[in-house]
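K.L.:
One structure, as structure tokens, below. Some questions next.
Read-outs throughout are calculated quantities, based only on the coordinates presented, and are distinct from any laboratory measurement. Keep in mind the model is a prediction, meaning the values are calculated, not measured. Every residue, glycine among them, receives a Cβ derived from its backbone with ideal geometry; neighbour counts consider all protein chains shown.
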Amino acid sequence: MSRADDENDGQATERVVIRDRRKIDVKGKDTTVTKEAEESAETRGGAHRAAEEPEDQVTATPGLGAELAALRTELEERTRDLQRVTAEYANYRKRVDRDRSAAAEQTTGAVLTALLPVLDDLDRAREHGDLVGPFATVAESLGAVVGKLGLVAFGEKGDPFDPTRHEAVAHLTSADVTEPTCVEVMRRGYILGERLLRPAMVAVADPA
């Protein structure tokens, strides 16, 4: 056998190998399967949650109502507390204002009471005609000042006798009167607001 025949026999006995270099997209298949599985799981989970939601809502509603009721009760209590404090403060303000006014009136009354003898002297000087010139101007100014402070004089001839405002120092009878009447005023009286600083000193005529 020749060398050429030996080489042909060797080639005939060699193993034939076929290589396919095309790639199989296994990953794509796996991804598709995975997505389908996830979508199926989400669908089942959503249905499960949808079935559970009504029960959760029913369970949460009574708790919310109780909380709202508690808040409403607390709000009502705070409102009552605020109203009570407001009323107490208003009463306190009224009491303070009343006490302040009373203190101011007492102080003013004390000052005016000290001036009453001066006013009596001016009245007597006026009756005798001695209140003229600069003294008349001073008397008018003093009368205006005490008038602004609230001092009011009373006691005139012919006034009905009032034992709460008049001090009777003389009594007589007269057919000209039908009730006890002041027929002479020895000294005028003064009031400050509703407070009597001094009664008027008068002579009283009773019906005959």
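K.L.:
Please give the charge dipole size of the range 151-208, origin at the Cα centre, charges +1 on K and R Cβ atoms and -1 on D and E Cβ atoms. Round to the nearest 20 debye.
P.N.:
The calculated dipole for the range 151-208 is roughly 340 debye.
K.L.:
Within the range 94-173, report the chymotrypsin sites (Phe, Trp or Tyr not before Pro) that DSSP leaves as loop and that have at most 15 other Cβ atoms within 10 Å.
P.N.:
Of the chymotrypsin sites (Phe, Trp or Tyr not before Pro), not one in the loops of the range 94-173 has a Cβ with at most 15 other Cβ atoms within 10 Å.
K.L.:
Another question about this same structure. Mean projection of the alpha-carbon convex hull of the range 151-208 over all orientations, in nm²?
P.N.:
About 3.5 nm², averaged over all directions.
K.L.:
Could you state the principal axis extents of the C-alpha atoms in the range 92-165, from the largest down, to the nearest angstrom?
P.N.:
Largest first, the range 92-165 extends 53, 34, 16 Å along its Cα principal axes.
K.L.:
Let me ask you something else. Tell me which GluC sites (Glu not before Pro) from the range 123-208 have a DSSP coil assignment and no more than 15 other beta carbons within 10 Å of their own.
P.N.:
Sparse-neighbourhood loop GluC sites (Glu not before Pro): GLU156, GLU194.
K.L.:
Here's another thing I want to ask about it. Considering amide H positions built from the backbone, and no H for Pro or chain starts, which residues 5 or more places from ARG187, or on another chain, come under 5 Å of its amide H?
P.N.:
Here the answer is MET201, since their amide H atoms fall under 5 Å of that of ARG187.
K.L.:
Distance between Cα centroids, the range 168-208 to the range 59-127: provide it in whole Å.
P.N.:
What the calculation gives is 41 Å, centre to centre.
K.L.:
In percent, what relative contact order does the range 151-208 have, based on Cα pairs under 8 Å that are 6 or more apart in sequence?
P.N.:
46
K.L.:
Tell me, what ³J(HN,Hα) does each residue in the range 148-157 have, in order and in whole Hz, if you take phi through Karplus 6.51 cos²θ - 1.76 cosθ + 1.60 with θ = phi - 60° and put x for Gly and Pro?
P.N.:
Here the 3J(HN,Hα) series is 5, 7, x, 7, 10, 8, 8, x, 10, 4 Hz.
K.L.:
Could I have the simple spin-label model distance between ASP97 and HIS171, label points 7 Å from Cα toward Cβ, reported in nm to one decimal?
P.N.:
Between ASP97 and HIS171, the simple spin-label model gives 4.7 nm.
K.L.:
What are the ³J(HN,Hα) couplings of the range 94-108, residue after residue, when phi is run through the Karplus curve with 6.51, -1.76, 1.60 and θ = phi - 60°? Round to Hz, x for glycine and proline.
P.N.:
4, 5, 5, 5, 5, 5, 5, 5, 5, 5, 5, 5, 5, 5, 5
K.L.:
What distance in nm separates the two pseudo spin-label positions at ARG80 and ALA104, each 7 Å out from Cα along the beta-carbon direction?
P.N.:
3.9
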